[in-house]
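> One structure, as structure tokens, below. Some questions next.
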Amino acid sequence: MSQDQLVQNTIHFVKKTLVEAEGGHDWFHIERVYNTANLILKKETADELVVKLSALLHDIADPKFHNGDESIGPKIARDFLREQNTSEETIEHVTKIIQHMSFKNSLDKSQGSFTSKEMEIVQDADRLDAMGAIGIARAFNYGGFKNRALYDPRMPPNPNMNKEEYKTSNAPTINHFYEKLLLLKDGMHTETGKKIALERHQFMLEYLEQFYKEWNGRD
């Protein structure tokens, strides 16, 4: 099987699997991450197949929708790629990226670290989709899905949470800006990612300024 055919098969599989996914973690999220990863790839030297497969499969079973189980996604990805007769080397790399790339895993100081140029590209692409206009839309979409408050001045954000605190937090959506979204800019790896992140970070700051102005009834 050609690499192009494998990628097309993966796209079909992901679309089918995520057909009823929450709006911020659906096929369109995957497609945006995939497209951004391909954009970053133009200026980076990396294994293109690993990047493309990882971008497509990174949220095939997001733990937050599976009772926090972080083993399901890598297993689904591994089983699918084996069915496609993908090389074990590629499968191992892709599943390691899926296991390690999430923001919450960066909060776990006890977890063994893994990195590669391919992971840096996919991680940048995924984190960029959590920033800017779409990042804001996704945050409030998920907050609504979980029936969380928009904002509660009595509940200050905690930007220094550990992984378990982050996973179990039910804080208002505005807190999520300070606990994740505004922290992403400084975690970018690639030059393309850093450039795009600057603009999206600034947009979020401007949004928050307007939000507080309207919340407090100021003109």
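> Filter region 53-66 down to the residues that are crowded, with 17+ Cβ neighbours inside 10 Å and hydrophobic (A, V, I, L, M, F, W, C) and list them by number.
Scanning region 53-66 gives 53, 55, 56, 57, 60, 61.
> Among the numbered criteria (1) surrounded by fewer than 17 Cβ atoms within 10 Å (Cβ to Cβ); (2) more than 20 Å from residue 197 (Cβ to Cβ), which one does residue 137 miss?
(2)
> Ok, one more. Checking residue 131 against (1) exposed (fewer than 15 other Cβ atoms within 10 Å of the Cβ); (2) among the hydrophobic types (A, V, I, L, M, F, W, C); (3) under 19 Å from residue 30 (Cα atoms): exactly one of these is not met. Which one?
Checking residue 131 against (1) exposed (fewer than 15 other Cβ atoms within 10 Å of the Cβ); (2) among the hydrophobic types (A, V, I, L, M, F, W, C); (3) under 19 Å from residue 30 (Cα atoms), the one that fails is (1).
> Moving on. Need the failing condition index for residue 204 against (1) surrounded by fewer than 20 Cβ atoms within 10 Å (Cβ to Cβ); (2) of a type in the set (A, V, I, L, M, F, W, C); (3) within 23 Å of residue 31 (Cβ to Cβ), just the number.
Condition not satisfied by residue 204: (1).
> What are the pairs, 6+ residues apart or on separate chains, where a residue within region 183-197 that is farther than 14 Å from residue 41 by Cα has its Cβ under 6 Å from a residue that is of a type in the set (Asp, Glu) and at pLDDT 95 or above?
188/124
> Within region 104-118, can one find any residue that is in a helix (DSSP H, G or I) and modelled with pLDDT of 95 or more?
Yes; the residues of region 104-118 include at least one that is in a helix (DSSP H, G or I) and modelled with pLDDT of 95 or more.
> Turning to a different aspect of this structure: Does residue 151 satisfy being in contact with a helix residue (DSSP H, G or I) (Cβ under 6 Å, 6 or more places away or on another chain) and at pLDDT below 90?
So residue 151 does not fit the description; no.
> What is the number of the single condition among (1) assigned to a helix (DSSP H, G or I); (2) closer than 28 Å to residue 188 by Cα; (3) among the hydrophobic types (A, V, I, L, M, F, W, C) that residue 80 does not meet?
Among (1) assigned to a helix (DSSP H, G or I); (2) closer than 28 Å to residue 188 by Cα; (3) among the hydrophobic types (A, V, I, L, M, F, W, C), the lone unmet condition for residue 80 is (2).
For (1) modelled with pLDDT of 95 or more; (2) buried (at least 18 other Cβ atoms within 10 Å of the Cβ); (3) part of a helix (DSSP H, G or I), each residue gets a yes or a no:
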residue	(1), (2), (3)
51	yes, yes, yes
68	no, no, no
74	no, yes, yes
85	yes, no, no
92	yes, no, yes
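> List every residue pair whose Cβ atoms lie under 7 Å apart, where the two residues are 6 or more positions apart in sequence or sit on different chains, the first residue falls within region 79-99 and is within 15 Å of residue 122 (Cβ to Cβ), and the second residue, located anywhere, is surrounded by 11 or more Cβ atoms within 10 Å (Cβ to Cβ) and basic (Lys, Arg).
Pairs that qualify, where the first residue is within 15 Å of residue 122 (Cβ to Cβ) and the partner is surrounded by 11 or more Cβ atoms within 10 Å (Cβ to Cβ) and basic (Lys, Arg), are 95/78.
> Can I ask one more? Of all residues in region 7-38, count the ones that are surrounded by fewer than 18 Cβ atoms within 10 Å (Cβ to Cβ), in contact (Cβ under 8 Å) with a residue 60 or more places away in the chain and among the aliphatic types (A, V, I, L, M).
Qualifying residue count for the region: 0.
> Please verify whether region 180-191 includes one or more residues that are outside any loop (DSSP other than H, G, I, E, B) and of a type in the set (Val, Ile, Thr).
no
The values are calculated or read from the model by the stated rules, or taken from the named source; none is laboratory data. Here the structure is a predicted model, which means the values were calculated and not measured. Here Cβ is always computed from backbone atoms with ideal geometry, including for glycine, and neighbour counts include all displayed protein chains.
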